[in-house]
Amino acid sequence: MDLFRPNVAAILRKRKTGLILICQRKDHTNSWQFPQGGVDEGEDLIAALYREVKEEVGIPSRQYTLRSCRTGYRYTFPDGHLKKGQFRGQEQTYFLCDYRGKKSDIILDGQEFIRYKWIEPKEFDISWVPDFKKPVFRQLFHDFFRINLTSEPDY
């Protein structure tokens, strides 16, 4: 049986500028992503989102508003890797959120991310994502921003 772990991710956006928050992973050089993580047993998607954003970037839920949500983004881990000994991949739900906090509200967890930056969605470079996640990122950037990610950013 193919088991996919439920996962949530936050696209935090500054409403006035349209800039989105991306974070550089600690364990993979030049790999950037959104705050995200698995849904714990007994937890709903919203609770998981609030917990993951707080854990990874220090932002409490009162600092952002959920604007839209899309689900069904699925990828398989490479080389037959299993997460938690049973999941062969993840099925992600992405939430677009309007961020109203300050720079000082962002506190990286130190476990997953080493730095962050705000970019325009069109600046996202697909080479920042591992190959097995590229189809998901291409689809989500199309779905949320109507942007077709190519091999090079469109500046």
Inset, instruction - Identify the residue in the stretch 54-73 that is of a type in the set (D, E, K, R) and free of Cβ contacts under 8 Å to residues at least 60 places away in the same chain and, among all such residues, is nearest to I126 (Cα to Cα). - result: E56
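Looking at I107, I20, can you tell me which residue is among the aliphatic types (A, V, I, L, M) and within 14 Å of the chain's Cα centre (by Cα)? Spell out how you get there, then give the answer.
Numbers: I107 fails: within 14 Å of the chain's Cα centre (by Cα).
Matching residue, one of I107, I20: I20.
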Inset, instruction - Scan (1) within 24 Å of R15 (Cα to Cα); (2) buried (at least 17 other Cβ atoms within 10 Å of the Cβ); (3) modelled with pLDDT under 95 for the single condition G101 breaks and write down its number. - result: (2)
Inset, instruction - Name the one entry in E56, E91 that is touching a strand residue (DSSP E or B) at 6+ places or on another chain (Cβ under 7 Å) and under 23 Å from D143 (Cα atoms). - result: E91
Inset, instruction - Run R70 past the list (1) in contact with an Asp or Glu (Cβ under 6 Å, 6 or more places away or on another chain); (2) surrounded by fewer than 12 Cβ atoms within 10 Å (Cβ to Cβ) and report the number of the one that doesn't hold. - result: (2)
Legend entry - Filtered residue count, the stretch 120-148, keeping only those that are among the β-branched types (V, I, T) and either surrounded by fewer than 16 Cβ atoms within 10 Å (Cβ to Cβ) or part of a helix (DSSP H, G or I) (or both): 2
Legend entry - Among the candidates T29, T65, residue that is more than 23 Å from F145 (Cβ to Cβ) and among the hydroxyl-bearing types (S, T, Y): T29
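The values are calculated or read from the model by the stated rules, or taken from the named source; none is laboratory data. The shown structure was predicted, so the numbers you read here are calculated from the model rather than taken from an experiment. Neighbour counts are summed over all protein chains in view; Cβ atoms, including those assigned to glycine, are modelled from backbone coordinates with ideal geometry.
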